[in-house]
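A.B. asks: Structure incoming, see below.
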Amino acid sequence: MYLACFKQIRTAFIMLILFTVLTGFIYPLIVTGLGQLLFPFQAGGSLIKEHGVTRGSSLLGQSFTQASYFWPRPSHTATFPYNAASSGASNFGLSNPNLLTAIHERLVKYTQADPANKNPIPVELLMGSGSGLDPDISPKAAFYQASRVAKARGISIETVHTIINQHTKNRTLFILGEPRVNVLELNIALDALK
Amino acid sequence: MAIKLSLWDRRLILSAIQDAFIKLSPRLEFHNPIMFTVYIAALFTTGLLIHAWINGDPISFNLGITLWLWFTVLFANFAEAMAEGRGKAQATSLRKSRQELPAKKMESNTHTNAKITIVSSASLRKGDTVLVEAGDFIPSDGEVIEGIAFVNESAITGESAPVIRESGGDRSSVTGGTLVISDWVVVRISADPGNTFLDHMIALVEGAKRQKTPNELALTILLTALTLIFLTVCVTLLPFSIYSVNAQQSGHVVSLTVLCALFVCLAPTTIGGLLSAIGIAGMDRMIQANVIATSGRAIEAAGDVDILLLDKTGTITLGNRQATEFIPAPDVSIETLAEAAQLASLADETPEGRSIVILAKEKYGLRGQELSELNASFIPFTAQSRMSGANLPHRQIRKGAVEAIEAYLRNLGASLPDPVRSSAETISRGGGTALVVTEGSTVLGVICLKDIVKGGIRDRFLQLRHMGIKTIMVTGDNPLTAAAIAAEAGVDDFLANATPADKLKLIRTLQTQGHLVAMTGDGTNDAPALAQADVAVAMNTGTQAAKEAGNLIDLDSNPTKLIEVVEIGKQLLMTRGALTTFSISNDIAKYFAILPATFAATYPALDTLNIMKLATPESAILSAVIFNALIIVFLIPLALKGVSYQHVEAARLLRNNVLIYGLGGLIVPFIGIKLIDYLLVSLGLV
Amino acid sequence: MTAIALWQVTLYLLVLLLCVVPLGAYMAKVYQGQPCLLDSINTPLERMIYRLCGIQSQEMDWKQYLRALLFFNIIGLFAVYAVSRLQYFLPLNPEEFSAITPTIAFNTAASFVSNTNWQAYAGENALSYFTQMSALTVQNFLSAATGMAVLVALIRGLSRSETTSLGNFWVDMTRGVLYILLPLAFIFSLILISQGVIQNLKPYEKFTPIVNNATEQIMPMGPVASQVAIKQLGTNGGGFFNSNSAHPFENPNPMTNFLEMLAILLIPAALCYMFGVMINDKRQGWALLAAMLCLFIPLVLGTIAFENTAHPELTQLNIDQSSGNMEGKETRIGTTLSALWAVATTATSNGSVNAMHDSFTPLGGLVLLGLMQIGEVVFGGVGSGLYGMVLMVIMTVFIAGLMVGRTPEYLGKKIEPYEMKMASFAILIMPIFVLLFTAIAAVTPSALSALGNPGSHGLSEILYAFTSMLNNNGSAFAGLNSSNPFYTVLGGLGILIGRYWIMIPILAIAGSLARKKTIPQTAGTLPTHNAFFVILLLCVIIIIAALTFFPVLGLGPIVEYLMLWGFHGH
């Protein structure tokens, strides 16, 4: 009995070591190697570089607060919005008064930035994203902001619309996901107009 | 012995009410874990009530809840007492036949010249021999070792016609307390006092030796688990209530009385309160069917049986071959054959002979004649000639089996015509027996004798098949005859040329395949097979050995009883299942009554869930508790009578029962609670 | 509900069901030791492992099997604890993270060894690559293989007769990892990389955001794809990052979202088919799968509908709420696929999230809670879901068997007091501890201080936490500060109770069933593969959970819904 237990413990110990080597090192290292070999850009984080300087990742949203840029989804990452090092969400329940306060504040911010715009504000511009790093907004949310951006940049609204349309990604296979516009890419494209 | 009791016998009810209070002793409550928790809850609310009363707080609501919790306990006790009362009533009638009886104890084993001393039956031990003469009661269980006598066994079987008991053979066992009404027998006592058949029966029907059967045990475990969960639900509701009141800053924390009420409503009290009553009632139903089970386990096993081994004779067929047809030889009229056959059988007192006379009379209007009038002499059947017949003036009529008649004809220089031979063969292929009738050397034709399959037995087997039970006919007949009868009776399979050893082997084979086998038996040579079978019904007329090997004893000695036994077994399990389902489905409605009532003060929005629109929180909670208590009383008849059994396959049976007891259990309390609430309000009680 | 939502659900289920038969048949071969696809690569590897471990693949009875399992898991527990405490001194720690606290380390060790993957830490700010790989990724494989091993032992108990042996735990573990989990994870991780999931061992990347005069920031890096692959396949759910599969590096686009969602249900669904194959009656496997789908599909549709409703207190404002409740949800994924994922991840004991459950509508949250509270039997964890389902089947068969007047039996095995005792024991544990722990927390000030939301939603947060941990799910109403010692310690205990206290009776039942004869089927046998039985099974599952949790759900999500949507009672 005791001998059998001892043997089993020994087996358990050796097996854990073997599997740690196999699934904890060999597996991720081979995957890393193959990933770097086959898809180096994706495996490295889809980085956006400018003159050798990393300006971000096309997958991670960045904070934009000036009227001349498209504003992304509200972010609740720790210490400051769109802190890439610290993903996170508000986790407000729908009945939480703080959520309603935050929504009202954002509503006011959007209305004040573009008082002439009487269209209803798409709700995702008022509600925080899951990761706090959501790179996208819906095309609807982009079009809603188009008048503000056009005014601030002094360009025609049609130009802005064109850029939005150029950067709109549709559903994958026409079914999966939602249509979306990458805010970072959109804003880079705006800056490139100059 | 089984006395018929009406369900609501006044005396039984009165004594059950009394017993319900006696059963309030904690020691007695403890054996039923579910009701014990209710008992504790009732004690607890009583304490709270007293506490409130001393503090001068309003007590009307507490009083109502406390009273009805005690009623819940009492109703469950009452149900159990009712079932036990029925058993006790049976036992009392049995006990009457167990008075001390004088016995004529013999010094030696032989009847002649033995010295006889009169002793009390209580002093008899196993192995003693006693003489029992006409007018004496048989003092204790035993076996006839000498003599033959008519015995009135009505004290045990309720059957007033006396039965023959004789030494040797399968009718040698006698039961203590039965009366010898003619002749005498010497009996070897086979049981010590207190250990006789009657004593066992009394103990069984009284429920004194009742142990939980495996299935009942499994169900108790499940119900206890549910009770524990509900206990946790109610206990944790207190902190949740505290949290909610703090969060909402309104309302008040749920009271302990309400939590007790909720717990009692949720706990499976309906089935918990009726569980032992169902078990006792199952035993009682067996007794009503004149079957004594040696244990509750045997009754449950009967419900599980999937193969019945049935003896052909007496169970499937009427037991005697009967004439069914006359087939004349070529150039012989059927009337001639019928008349000759009748003449040959007039003095034949065997059932076969009588059936030939009756067939001739009924079919061809031939009146029975007196042999003396005809100046005829009767030739009886002998082992040598294997024929019987009659000699009339100038006429010599014989009837007999084909081989015997062939030999007879050969002696007369004649032979059997081919058409007659072929009709004889057709008959035996059809499962019948052919008797050839001759007059002198002329062959008149063939009488067809057949085993008559009991009326309705085919339908019975069909029902069994629907229930998933396979029937196997056991017979000593040759395979050809057996196959024909099997086909006619509609059994699934047969064992032909069966010896007791074959029977035992068959049971073992079936059991290794995983089947549960039931059989009936009466002879000593059946004993090994009976002992092997999962459910073994021994005939009361059978030998002691057979009775000891069986786990059920049929007092009517009716082999078809097996089918009834299976049904009672199934009914027992079904009643438990149905009431469990009912009990659990009930809880949903109770939540809708109690939860809004309890928490609407904190969260007014929760009153939306008060879909029954019960008047006040107090009336809602009280109504649920009252419903919970009353439903036990309403279901007592069902527990005692059992859920009705339908002969349909398992899937349909399940669907029916789920619809009745599951869906019914869901809906009924909504109506019941609303009704009680309405009554409480209109009577101004809340 | 929009047509596109229906298409999304349909496509998902269709692809899932297409995978069930091939994968199920393959897994049956693996566990029955029959020749299969990867023999040429794996056989030498397998032999080497057996030789090094000194395993002579002899069969074990249930107690030996259980003992081996417990030893293996306990050693695993210590290993994870040790690595996460010592990570500062270990390699592959470019960010130089220090040791995590003892209580969080205990919680994490319990959580990962038991396939729960409740995360009391924020991955990108606490764990080194070494810890993520050598402790967490390893346990993602091993805990999944353990669950499948127990299931396989139970299946052997059901299908064998008159024997004590249930197979060899070490062999089942080894084959489960080598033949099933590792190959699937390998392929899956490469697909994920191609779609943008990161996989590197580089230090965190420094970058300067686009906006002028923005200060330099950092973005986390790491071997993510290899871990995401197995966390999805093995119903583990522990993400590399704090926000799990809502993080764009774990789940960058709708395609990865679809594949990761598929991976959640893939093995649990295929195990149903494997069950049918291994007990030699495929109809039984299909019946269980059907039962799961019957609950899964309506709840998916319901949750999608709930998440697409407008917030009632915003309807008066000039807000376009047509995209539904977007709080805590990602744009590329949307409400529909967030709801579908949420149902899938709580139906299985996966627990990975692509949207924040805490911010779901009250009724949406109710569905998620409910799916866990039925005991994680709708798909459930790999292995653990199906053996939990078999427990519910035993309960159902018992009640139904009584109603047809026969001693209940399942697959020809009689259900007797011993099995009922063990099954009741197993079913009892989860509800009792969830309620007790939630109740304790509801009146403990230090526990209440961790709440992220007030009122009834706060109670839901506590309830969700213990429901998730006791059911080894791992998802959270994440407003609750899960690093609070109250939750890490009590939750860690709950995790261990929820996993092993149920495995023990399961293996005991397996051992007892294996010893029994198999009873032949007759017309009197209750069929366990037809529609009616499936309905009955669902009723039993729902009623047991509803009766247990209705009061606390009433004070949590239900009342939150009623108040928010303006029901005020009579």
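The values are calculated or read from the model by the stated rules, or taken from the named source; none is laboratory data. Since we're looking at a predicted model, the values are computed, not measured. Note that each Cβ is placed from the backbone with ideal geometry, even for glycine, and that neighbours are counted across all protein chains shown. Surface areas here come from the heavy atoms of the whole protein model, side chains and all, with no ligands, DNA or RNA. Shrake-Rupley method; radii C 1.70, N 1.55, O 1.52, S 1.80 Å.
A.B. asks: Taking chain A as a Gaussian network, Cα atoms linked when under 10 Å apart, which of A:PRO179, A:PRO120, A:PRO135 shows the biggest mean-square fluctuation?
C.D. replies: Its mean-square fluctuation being the largest, the pick is A:PRO120.
A.B. asks: So, one more: To the nearest 20 debye, what is the magnitude of the charge dipole of chain C about its Cα centre, counting +1 on the Cβ of each Lys and Arg and -1 on the Cβ of each Asp and Glu? Don't jump to the answer; show the numbers that get you there.
C.D. replies: On the way: 24 positive and 26 negative charges, 370 e Å.
About 1780 debye.
A.B. asks: Between B:ASP493 and A:LEU34, what is the spin-label point distance in nm, taking each point 7 Å from the Cα along the Cα→C-beta axis?
C.D. replies: 5.6
A.B. asks: Still on this model: Quick check: at a probe of 1.4 Å, how many percent of the accessible area of the stretch C:65-194 sits on carbon and sulfur atoms? Could the numbers behind the result be given before it?
C.D. replies: Details: 2190 of 3240 Å².
Within the stretch C:65-194, the accessible surface is 68 percent carbon and sulfur.
A.B. asks: How would you rank A:40-49, A:101-110, highest first, on the average number of other Cβ atoms within 10 Å across their residues? All intermediate terms of the calculation are to be shown ahead of the outcome.
C.D. replies: Details: A:40-49: 18.2, A:101-110: 15.7.
Sorting A:40-49, A:101-110 by mean packing, highest first, produces A:40-49, A:101-110.
A.B. asks: Whole Å is fine, so just give me how far the alpha carbon centre of the stretch C:189-219 lies from that of the stretch C:344-420.
C.D. replies: 41
A.B. asks: So who's got an amide H within less than 5 Å of the one on B:THR471, skipping anything under 5 residues away but keeping other chains? H placed 1.01 Å off N, in plane.
C.D. replies: Correct list: B:LEU308, B:ASP492, B:ASP493.
A.B. asks: Next up: If you take the square roots of the eigenvalues of the alpha-carbon gyration tensor of the stretch C:1-152 and sort them as a ≥ b ≥ c, do you get rounded (a/c under 1.5), prolate (a/b over b/c) or oblate?
C.D. replies: oblate
A.B. asks: Let me ask something additional. I'd like the distance between the alpha-carbon centres of the stretch B:402-462 and the stretch B:602-649, rounded to an integer number of Å.
C.D. replies: Here the two parts' Cα centres lie 69 Å apart.
A.B. asks: Looking only at other chains, what is the average number of their beta-carbon atoms within 10 angstrom of each beta-carbon in B:221-233? Don't skip to the answer; put the middle values down first.
C.D. replies: Details: counts 10, 10, 1, 3, 12, 6, 0, 4, 10, 3, 1, 9, 9.
Mean shielding count: 6.
A.B. asks: When you look at the Cβ of every residue in C:351-357, what mean number of other chain Cβ atoms sits within 10 Å? Mind dumping the intermediate values first?
C.D. replies: On the way: counts 0, 0, 2, 2, 4, 11, 2.
Taking the mean over all residues of the peptide, I get 3.
A.B. asks: Which order do the peptides C:88-99, C:14-25, B:561-572 take when ranked by the mean count of other beta-carbon atoms within 10 Å per residue, highest first? Walk me through the intermediate numbers first.
C.D. replies: Values: C:88-99: 14.0, C:14-25: 15.6, B:561-572: 23.9.
Per-residue Cβ counts within 10 Å, averaged per peptide and sorted highest first, yield B:561-572, C:14-25, C:88-99.
A.B. asks: So, R0 is 56 Å and r is the distance between the beta-carbons of B:SER644 and C:GLN34; what FRET efficiency does that work out to, to 0.05? Write out the running numbers ahead of the final one.
C.D. replies: Values: r = 50 Å, r/R0 = 0.90.
So, using R0 = 56 Å, E works out to roughly 0.65.
A.B. asks: Moving on to the next point. Just check the stretch A:46-192 against the gyration tensor rule for me: Cα atoms, a ≥ b ≥ c as the square roots of the eigenvalues, rounded for a/c under 1.5, and otherwise prolate or oblate depending on whether a/b exceeds b/c.
C.D. replies: Rounded.
A.B. asks: Between the helical axis of B:418-429 and the dominant principal axis of chain B, each derived from Cα atoms, what acute angle in degrees is found, rounded to the nearest 10?
C.D. replies: 20
A.B. asks: At 222 nm, what helix-only mean residue ellipticity would chain B give, in deg cm²/dmol to the nearest 500, using -39500 (n - 2.57) for each DSSP H run of four or more?
C.D. replies: Working: 24 runs with 355 residues, N = 686.
Counting only the DSSP helices, I get -17000 deg cm²/dmol.
A.B. asks: Take peptide C:188-196, look around each residue's Cβ out to 10 angstrom, count Cβ atoms belonging to other protein chains, and average those counts. Intermediate results must be reported in sequence, preceding the final value.
C.D. replies: Working: counts 1, 7, 7, 0, 5, 11, 5, 3, 9.
Per residue, the number of nearby Cβ atoms from other chains is 5 on average.
A.B. asks: Let me ask something else about it. Label points 7 Å out from Cα along the Cβ direction at A:PHE13 and B:THR442: separation in nm?
C.D. replies: In this crude label model, A:PHE13 to B:THR442 measures out at 10.9 nm.
A.B. asks: Next up: Under unit Cβ charges (Lys, Arg +1; Asp, Glu -1), what dipole magnitude, rounded to 20 debye, does chain A have relative to its Cα centre? Working shown, then result.
C.D. replies: Values: 16 positive and 10 negative charges, 27 e Å.
Value, rounded to 20: 120 debye.
A.B. asks: Estimate for me the total accessible surface buried between chains C and A (protein heavy atoms, probe 1.4 Å, no ligands or nucleic acids), in Å² to the nearest 100. Present the calculation step by step, with values, prior to reporting the outcome.
C.D. replies: Numbers: alone 22280 and 12680 Å², together 26260 Å².
So the buried area, both faces added, is about 8700 Å².
A.B. asks: Determine which aspartates and glutamates satisfy two conditions relative to A:LYS151: a Cα distance under 17 Å, and not lying fewer than 8 residues away in the same chain.
C.D. replies: A:ASP114, A:ASP191
A.B. asks: Collect residues whose amide H, placed 1.01 Å from N in the peptide plane, falls under 5 Å from the amide H of B:GLU325; neighbours closer than 5 in sequence don't count.
C.D. replies: B:CYS448
A.B. asks: Related question: Toward the positive end of the charge dipole of the protein assembly as shown, about the Cα centre and with charges on Cβ (Lys, Arg +1; Asp, Glu -1), which of C:PHE112, C:GLY33, C:GLY554 goes farthest?
C.D. replies: C:PHE112
A.B. asks: Counting only protein heavy atoms and using a 1.4 Å probe, what share of the accessible area of the stretch C:202-343 belongs to carbon plus sulfur, as a whole percent? Provide the component values of the computation, followed by the final result.
C.D. replies: Working: 1930 of 3380 Å².
Solvent-exposed carbon and sulfur of the stretch C:202-343 make up 57 percent of the total.
A.B. asks: Charges on Cβ only, +1 for Lys and Arg, -1 for Asp and Glu, centred on the Cα centroid of chain C; of C:LEU262, C:PHE186, C:GLY285, which one is farthest towards the dipole's positive end?
C.D. replies: C:GLY285
A.B. asks: Taking the mean number of other Cβ atoms within 10 Å as a proxy for protection, how do you rank C:245-253, A:151-159, C:127-135, A:137-145 from highest to lowest? Kindly include the intermediate steps, with their values, before the conclusion.
C.D. replies: On the way: C:245-253: 29.2, A:151-159: 13.3, C:127-135: 24.8, A:137-145: 23.2.
Going from most to least packed, we get C:245-253, C:127-135, A:137-145, A:151-159.
A.B. asks: Related question: Roughly how many Å is it from the Cα centre of the stretch B:212-240 to that of the stretch B:486-563, as a whole number?
C.D. replies: 41
A.B. asks: What is the calculated FRET efficiency for C:PHE567 to C:LEU17, with r their C-beta to C-beta distance and R₀ = 30 Å, to the nearest 0.05? Spell out each step's value before the answer.
C.D. replies: Details: r = 39 Å, r/R0 = 1.29.
In this case the efficiency is close to 0.20.
A.B. asks: Moving on. Could you tell me which of rounded, prolate or oblate describes chain C, using a ≥ b ≥ c as the square roots of the eigenvalues of the alpha-carbon gyration tensor, with rounded for a/c under 1.5 and, failing that, prolate when a/b is larger than b/c and oblate otherwise?
C.D. replies: Oblate, since a/c reaches 1.5 and b/c is not below a/b.
A.B. asks: While we're looking at this one, here's another question. Beyond 19 Å between alpha-carbons counts as too far, so tell me which of B:LYS454/B:LYS641; B:LYS470/B:LYS503; B:LYS505/B:LYS561 fall in that bin. Write out the running numbers ahead of the final one.
C.D. replies: Working: B:LYS454/B:LYS641 29 Å; B:LYS470/B:LYS503 16 Å; B:LYS505/B:LYS561 24 Å.
Among B:LYS454/B:LYS641; B:LYS470/B:LYS503; B:LYS505/B:LYS561, the Cα-Cα distance tops 19 Å for B:LYS454/B:LYS641; B:LYS505/B:LYS561.
A.B. asks: Still on this structure, I have one more. Please state the relative contact order of the stretch B:34-105 as a whole percent: Cα pairs under 8 Å, 6+ residues apart? Intermediate values should be presented prior to the final figure.
C.D. replies: On the way: 24 pairs, mean separation 22.8, N = 72.
Contact order relative to length: 32 percent.
A.B. asks: Over the protein assembly as shown, what is the percentage of antiparallel beta bridges among all DSSP beta bridges, to the nearest 5? Don't jump to the answer; show the numbers that get you there.
C.D. replies: On the way: 76 of 97 bridges.
Looking only at bridges with both residues in the protein assembly as shown, the antiparallel portion is about 80 percent.
A.B. asks: Dipole size in debye (nearest 20) for the stretch C:24-87 around its Cα centre, Lys and Arg Cβ +1, Asp and Glu Cβ -1? Intermediate values should be presented prior to the final figure.
C.D. replies: Working: 6 positive and 4 negative charges, 41 e Å.
The dipole of the stretch C:24-87 has a size of about 200 debye.
A.B. asks: Nearest 5 percent is fine: what portion of the DSSP beta bridges confined to chain B is antiparallel? Could you put the intermediate results ahead of the total?
C.D. replies: Values: 62 of 81 bridges.
If we restrict to bridges inside chain B, about 75 percent are antiparallel.
A.B. asks: Could I ask something else about it? I'd like the carbon and sulfur percentage of the solvent accessible area for chain B, probe radius 1.4 Å, heavy atoms only, ligands and nucleic acids excluded.
C.D. replies: Working: 15910 of 27470 Å².
Solvent-exposed carbon and sulfur of chain B make up 58 percent of the total.
A.B. asks: Using the Cα centre of the protein assembly as shown as origin and beta-carbon charges of +1 (Lys, Arg) and -1 (Asp, Glu), tell me which of B:GLY135, A:LEU176, B:ALA247 is placed farthest towards the positive end of the dipole.
C.D. replies: Farthest towards the positive end: A:LEU176.
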